[in-house]
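Just so you know, all these numbers are worked out from the coordinates, no wet-lab data involved. The structure displayed is predicted, hence computed values, not measured ones. Don't worry about glycine lacking a Cβ; one is built from the backbone with ideal geometry, like all the others, and counts go over all protein chains shown.
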Amino acid sequence: MITPGLLLVQLFNGLQFGITLFLFTAGLTLLLGILNFMNLAHVSLYMAGAYFAVALGQWTGSFWLGTILAVPCTIALAMVVEYLAFRRLYRRDHLDQVLATFGLIMFFNEMARIVWGAGGLYVSVPAALSGNIVLGEAAIFPVYRLLIIGVGCLTAVGLTWLIRRTRTGMLIRAGADKPEMVEAVGIDVRRLFRWVIGLGAGLAALAGALSGPLFSVEPGMGDAVLILALVVIVIGGIGSIRGSFYAAMLVGVVDAVGRTVLPVLFSMFTTPVVADTLGPALGSMLIYLLMIGVLLFKPEGLFAVKER
């Protein structure tokens, strides 16, 4: 039976999942929309952030210190990869970028197995955030998940301000449109683009570190997230941070609510076994049906970036 309390909890679950998805997708959106660079290996930075957070948290004895330190460590890793591989791919076509960065995914997955083993690592939620809040009658929601929602919203506001309201954001957008003109006034465009790579890596690391207590930290942990991130980019519009945010929220809520509501609806017409099997499967398909609908009626995305 679907109760208002259950729907409210699933709505918050969807928002939390959407926020995590946005933190990962925002960096990929910047790379694709500003640098026109299809970096599938962005998912490896998400995984690296989770592993760094676990390792540094164990070393320092503090979950929060491990999470904070994981971000610059992942940025440093991204800078090394940018120097060794990415900078040679910027002017190549998307097929070359996809093939090369897919190879990097395989490389980093194997490196994770060598360093940390093939088994999953599990992280406990900090004691101060292990409780729940009451949303309504028979409806509770974990405090840690609520924290993720807050962090993601603050990140979205800060990122939008950085790109739209600061000189750095102006230079990044100008460098994406007219790199020759930016270089003519003495700005090193390559260095500027490295900052974009680093910013995206930091966001992916934050998403991975915060996801550690919710999922198993293991090699290839972000592979499924990559597919959803591409769905978010298609729905929101390539290069649109605002679009990524709203699309991620939409995908998260549709996925969470769909998995809850559809089994109940199917149980009215089929046996409980069939409903419990078919309902969640179709619920997970709803986001792809949503993407197809957007492609059919607004192929540029719901919040497409205006031509500059």
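Annotations
- For F303, the amide hydrogen comes within under 5 Å of the amide hydrogens of G237, counting only partners 5 or more places away or on other chains and with H modelled in the peptide plane.
- For peptides 288-297, 148-157, 73-82, 244-253, sequence by mean Cβ density within 10 Å, most packed first: 244-253, 73-82, 148-157, 288-297
- Under-5 Å amide H pairs with I140, H placed in peptide plane, nonlocal only: L135
- Averaging the sequence gap over all C-alpha pairs within less than 8 Å and six or more residues apart, then dividing by the number of residues, gives the stretch 8-220 a relative contact order of 42 percent.
- Modelled FRET efficiency - R0 22 Å, L289 with A224, Cβ distances, 0.05 increments: 0.75
- Cα-Cα separations in the stretch 15-115 greater than 17 Å, expressed as whole percent: 57
- Each stretch of four or more DSSP H residues adds -39500 (n - 2.57); spread over every residue of the chain, this sum gives -25000 deg cm²/dmol at 222 nm.
- FRET efficiency for T168 and V264, using Cβ-Cβ distance with R0 set to 45 Å, rounded to 0.05: 0.35
- Stretch gain in nm, segment L95-K298, where the contour uses 0.36 nm per residue and the Cα spacing is subtracted: 70.6 nm
- Full extension of the chain segment joining L8 with F215 gains 72.3 nm, where the gain is 0.36 nm per residue of separation less the Cα-Cα distance.
- Each peptide in 115-127, 52-64 receives the mean, over its residues, of other Cβ atoms within 10 Å, and ordering these scores from highest gives 52-64, 115-127.
- Rounded to the nearest 20 debye, dipole of the chain from Cβ charges on Lys, Arg, Asp, Glu: 800
- Helical segments meeting 24 Å axial Cα length and Kyte-Doolittle 1.6 threshold in the chain (DSSP H): 4-34, 63-84, 272-297
- The modelled label-to-label distance for the pair W116/A85, using points 7 Å beyond Cα in the direction of Cβ, is 1.7 nm.
- Model label zone, L135; criterion: amide N under 13 Å from point 7 Å along Cα-to-beta-carbon; scope the stretch 8-31: 8-18
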